[in-house]
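Since the structure comes first, as structure tokens, the remarks are kept for the end.
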Amino acid sequence: MNIMETYIDLFLSADCEKASEIQRRLRELGLKPAVGDHDFMYDWKGVADTAEIIAFVDKVQAHLKGTGVILKFNTVR
């Protein structure tokens with residue numbers, strides 16, 4: 001079985017929503033905080049196609065709209 005994961009890196013400014021609020025919102029979507037090279041990780045529990053990945057990114061963006069955070073996504077297989 002192939003494992004796919006999407007990693008999210010966050011870029012926050014002093015004018016953004018608090019980091020604790022960003023974490024709360026991302027956890028609501030099933031993302032887990034990560035330690036190391038990335039800030040959060042989503043485990044696909046299998047293989048996702050491009051449409052599913054884009055839909056997930058759209059969902060994350062919508063959930064964080066208005067927070068001022070900048071996101072970087074990286075999906076690996």
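Please treat every number below as a calculation from the coordinates, not as lab data. In this text the structure is predicted, and so the values were computed from the model without any measurement. Virtual Cβ from ideal backbone geometry, glycine too; neighbours counted across all protein chains shown.
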Exercise. Scanning for something closer than 22 Å to R77 by Cβ, touching a residue at least 40 places away in the same chain (Cβ under 8 Å) and out of contact with any strand residue (DSSP E or B) (no Cβ under 6 Å at 6 or more places or on another chain), does the stretch 49-62 turn up at least one residue?
Worked result: yes
For this session: Within the stretch 1-21, track down each residue that is under 15 Å from V57 (Cα atoms) and surrounded by 15 or more Cβ atoms within 10 Å (Cβ to Cβ).
Result: M4, E5, T6, Y7, I8, L10
For this session: Filter the stretch 26-74 down to the residues that are of a type in the set (V, I, T) and under 18 Å from N2 (Cα atoms), then identify the one that is surrounded by the fewest Cβ atoms within 10 Å (Cβ to Cβ).
Result: T50
